[in-house]
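Presented below is the structure to which this report refers.
The values are calculated or read from the model by the stated rules, or taken from the named source; none is laboratory data. Computed from a predicted structure; not experimentally measured. Cβ coordinates were reconstructed from backbone atoms using ideal geometry, including for glycine residues, and neighbour counts include every protein chain displayed.
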Amino acid sequence: SKQTAEKSINEKTMSHPCYDKSAHDCARMHIPVAPNCNITCNYCSRKYDCPNESRPGVTSEVLSPEEALKKFKAVKKKVPNLTVLGIAGPGDALANYEETRRSIELIKKEDPSITFCLSTNGLMLPFYCQDLIDLGITHVTITINAVDPEIGARLYNRINYLGRTLTGEEGASILLQNQLSGLTYLASKGIVCKVNIVMVKGVNDAHIPEVVKKVKECGAFITNIMQMIPASGSKFENMPLVSQVELNDMRKKCEVDLKQMYHCKQCRADAIGTLSQDRSIEFRCNGCNTDK
Ligand code: CLF
Ligand code: SF4
């Protein structure tokens, strides 16, 4: 039956290089189909990929769903260890929902065995979470940097929500409500949820253990505490950064409550390959091998 032919969520997690460190020989492919974003984080400049899940200062070329399918076919031929297809920007996957949905539909038709993964700021999750499950997405990352709107207001400049622009604690509290209700719903349906937390010295660093406890309560499987590396031109451009030692100390501290990710590579929105060997350059510009 379809059930036995398809890998279980557990098996998918064991072959997902971000969710299971021992799956380091498995490759993931990001398709950069989502250029727009619906919030403004203070460490972001929209000239570049979303720093909630990527290296700052990197710009990925945006693809249409049809182009993404074409690229997927080309990558599959050359990357036999490909297990995961992810959407991680360059903006927010759910702020470009039509493109995200269409891309997944097309690629799923081509290869039903691939694991689908998505990363989002979570603002639109309550609207799309059931649809994501119906589409066959099994792994979802939500970036949740604060569970207190007062701290959130210092991280987010504004959110664009249902045609309105909201700022300060009002914006941060709507974002937070939607993140937590989306996470709770997805986790309750068996979706494996990772929460990314961007650690900003002097803003949310002392608050992170509270974030981890809260998202654990909501059903998160793992948290990925990441170093903030602000984009140039962003409001936080000249803020002090946390060191690798401070970052790992925080992860160790939070590990008492929930599984922690230590091996994140802050990938590009068009990353391809294992986490330790990015092969995206081979496939950029329809394979003409020119870096932009
Ligand atoms: Fe991509 Fe993210 Fe899925 Fe992985 S990346 S959408 S969960 S398939 Fe992985 Fe890259 Fe770190 Fe992200 S190493 S930035 S955690
Ligand atoms: Fe930038 Fe934040 Fe939007 Fe990511 S979610 S693209 S960091 S504003």
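What the table shows:
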| quantity | calculated |
| --- | --- |
| Subset of region 135-185 that is in a loop (DSSP other than H, G, I, E, B) and out of contact with any Lys or Arg (no Cβ under 9 Å at 6 or more places or on another chain) - its residue that is surrounded by the fewest Cβ atoms within 10 Å (Cβ to Cβ) | Gly163 |
| Region 56-81 - residue that is within 16 Å of ligand 1 (Cβ to nearest atom) and among the charged types (D, E, K, R) and, of those, nearest to Ile229 (Cα to Cα) | Lys71 |
| Within region 109-134, tally of residues that are under 26 Å from Ser173 (Cα atoms) and assigned to a loop (DSSP other than H, G, I, E, B) | 4 |
| Residues that are within 25 Å of Lys21 (Cβ to Cβ), surrounded by fewer than 18 Cβ atoms within 10 Å (Cβ to Cβ) and touching a residue at least 60 places away in the same chain (Cβ under 8 Å), drawn from region 59-81 | Lys78, Asn81 |
| Flag for Leu155 being over 22 Å from Gly273 (Cα atoms) and of a type in the set (A, V, I, L, M) | yes |
| Within region 14-23, tally of residues that are more than 11 Å from ligand 1 (Cβ to nearest atom) and touching a residue at least 40 places away in the same chain (Cβ under 8 Å) | 1 |
| Residues of region 161-215 classified as within 16 Å of ligand 1 (Cβ to nearest atom), without any contact (Cβ under 8 Å) to a residue 60 or more places away in the chain and touching a Phe, Trp or Tyr at 6+ places or on another chain (Cβ under 8 Å), total | 2 |
| Strands (runs of 3 or more DSSP E) completely within region 1-108 that count 3 or more residues being at pLDDT 95 or above and more than 17 Å from Gly273 (Cα to Cα) | 39-41 |
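This table checks each residue for (1) surrounded by fewer than 19 Cβ atoms within 10 Å (Cβ to Cβ); (2) more than 30 Å from Pro230 (Cβ to Cβ).
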position	(1), (2)
His30	no, no
Ala34	no, no
Tyr43	no, no
Glu53	no, no
Thr83	no, yes
Ala88	no, no
Asp92	no, no
Glu99	no, no
Glu110	yes, yes
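A quick yes/no check of all residues on (1) of a type in the set (A, V, I, L, M, F, W, C); (2) under 17 Å from the mean Cα position of the chain (by Cα); (3) closer than 19 Å to Asn178 by Cβ:
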residue	(1), (2), (3)
His16	no, yes, no
Met29	yes, yes, no
Thr59	no, yes, no
Glu66	no, no, no
Val75	yes, no, no
Pro112	no, no, no
Cys117	yes, yes, no
